[in-house]
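Notes to accompany the following structure.
The values are calculated or read from the model by the stated rules, or taken from the named source; none is laboratory data. Model, not experiment: these values are computed from the prediction. Note that each Cβ is placed from the backbone with ideal geometry, even for glycine, and that neighbours are counted across all protein chains shown. Surface areas here come from the heavy atoms of the whole protein model, side chains and all, with no ligands, DNA or RNA. Shrake-Rupley method; radii C 1.70, N 1.55, O 1.52, S 1.80 Å.
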Amino acid sequence: MSSLIDTRPVILTGDRTTGPLHLGHYAGSLKSRVALQRSHRQFLLLADTQALTDNAHDPQRVRRNVLEVAIDYLAVGIDPALTTICVQSALPALAELTLLYLNFVTVSRLERNPTIKTEIQLRGFERDVPAGFLCYPVAQAADITAFKATVVPVGEDQAPLIEQTNEIVRRLNRQIGRDVLVEATAMVPSVGRLPGVDGKAKMSKSQGNAIPLSASPDEISDAVRRMYTDPDHLRVGDPGRVEGNVVFTYMDAFCEDRQLVDDMKAHYRRGGLGDVALKRYLEDILQALLAPIRERRAYFAAEPDYVLDIMREGTRKAKERTEATLAELRAALGLFSLI
Ligand code: TRP
């Protein structure tokens, strides 16, 4: 930085550490995080505490994946000299802010949060929702505001969480009488969510329809071979459907040559472009995209101490920043700081 004060907008985003990241994460967020790390002051949160809100029965899984996700970050090109990578559970200020914020939100408001409503259904929690899960939007508000982030890149499904964060910010600021906390804006990716290879809504490891960033060349071939196309496209010469055809959705997401994709779509619609040829094209693109990521992944996976050092250094920086916000808020609320 040439100036003494870093005026770049602050980004906070993160991932629950429930499993290694996949191609859906790459298209939806990792790629833009790599692109934003110079123009923005970026913090990435390895959200292990949030992962526990629906994985309390398997804390080992959460722990193991903290390192896996950190390795994924480094493998896709997150540069620890530009982006701060930190561990949520090692930042006690986040927990303390959560506890304070819980008094500025109602239970009924939490129950009405559209993200939470859908997620409760997906997980089959019904009446047995862990309190930590219901309240994770408040914890996420603590994450965002503790870093004083103004930009939060999240998927469309998480946009209501930013709304809820800003409600808490406004309530607290009104209570205090000045703007100690700052509101944030959701940055929703222009590309929609990447579907799973089976054409089902969302790529997810638990659905078995994901391509992990660590996929081997054979796993990539296999996934492309299984990819859902147009079930009515029986002969090469038949006209085929592009809409809902997963291969084209992936071409849109990963092929840089827009003109070529448009030409291929026209050809497919007209008839004469077979699934095998189409898939071969996509496979080449995915193999070329994932080969260097896989290589870098293997490199960092063999150097866990190096990765842990990066996490330690990032968490130290994040601790300083989040504790400064907490101290400001405690003082503004008039809480005693005796020791
Ligand atoms: N909710 C995010 C996920 O499901 C992870 C996360 C935790 C997060 N804290 C955050 C994202 C703060 C953005 C901002 O992976």
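Keeping every protein chain present and rolling a 1.4 Å probe, give me the accessible area per residue for region 150-219 in Å².
On the way: 3640 Å² over 70 residues.
Ligands and nucleic acids excluded, the result is 52 Å² per residue.
Between region 259-286 and region 8-45, what is the C-alpha centre distance in whole Å?
Value for the Cα centre distance between the two parts: 30 Å.
Counting only pairs 8 or more places apart or on different chains, how many lysine pairs in the chain have C-alpha atoms closer than 28 Å?
20
By how many nm would the segment from GLU126 to ARG61 lengthen if fully extended, with 0.36 nm per residue of separation less the alpha-carbon distance? Before the final figure, lay out the partial values.
Numbers: separation 65, 0.36 × 65 = 23.40 nm, distance 2.36 nm.
So the chain would gain 21.0 nm between GLU126 and ARG61.
Express the carbon and sulfur contribution to the solvent-accessible surface of the chain as a percent, rounded to the nearest whole number, probe 1.4 angstrom. Display every interim value, and only then the final one.
On the way: 9160 of 17160 Å².
On the chain, the fraction of accessible area on carbon and sulfur atoms equals 53 percent.
Scan around GLY14 for amide H atoms under 5 Å from its own, H built in the peptide plane at 1.01 Å from N, and keep only partners 5 or more places away or cross-chain.
LEU45
Could you sort the peptides 72-83, 116-127, 136-147, 199-210 by per-residue average Cβ neighbour count (10 Å cutoff), highest mean leading? Mind dumping the intermediate values first?
Numbers: 72-83: 18.7, 116-127: 12.6, 136-147: 25.8, 199-210: 15.5.
Answer by packing, highest mean first, reads 136-147, 72-83, 199-210, 116-127.
Using helices alone, what [θ] at 222 nm do you get for the chain, with -39,500 (n - 2.57) per DSSP H run of 4 or more residues, divided over all residues and rounded to the nearest 500?
Numbers: 14 runs with 177 residues, N = 339.
Result for the chain: -16500 deg cm²/dmol, rounded to the nearest 500.
Order these peptides, 159-172, 301-314, by their mean beta-carbon neighbour count within 10 angstrom, highest first. Intermediate values should be presented prior to the final figure.
Values: 159-172: 19.2, 301-314: 14.7.
Result, highest mean Cβ count within 10 Å first: 159-172, 301-314.
Roughly how many debye, to the nearest 20, is the charge dipole of the chain about its Cα centre, given +1 on each Lys and Arg Cβ, -1 on each Asp and Glu Cβ, and no other charges? Please report the intermediate quantities before stating the final value.
On the way: 42 positive and 44 negative charges, 119 e Å.
That gives the chain a dipole magnitude of about 580 debye.
Determine one quarter of the surface area of the Cα convex hull of the chain, which equals its mean projected area, and express it in nm² to one decimal.
Details: hull surface 79.9 nm².
Projected over every direction and averaged, the Cα hull of the chain covers 20.0 nm².
What is the distance in Å between the Cα centroid of region 49-90 and that of region 147-177?
Rounded to whole Å, the Cα centres lie 22 Å apart.
For the chain, what proportion of DSSP beta bridges, expressed in % and rounded to the nearest 5, is antiparallel? It would help to have the intermediate numbers written out before the result.
Values: 1 of 17 bridges.
Looking only at bridges with both residues in the chain, the antiparallel portion is about 5 percent.
Once the convex hull of the alpha carbons of region 214-298 is built, what does its volume come to per residue, in cubic angstrom? Spell out each step's value before the answer.
Details: hull volume 6.9 nm³, N = 85.
Given the Cα convex hull of region 214-298, per-residue volume reads 82 Å³.
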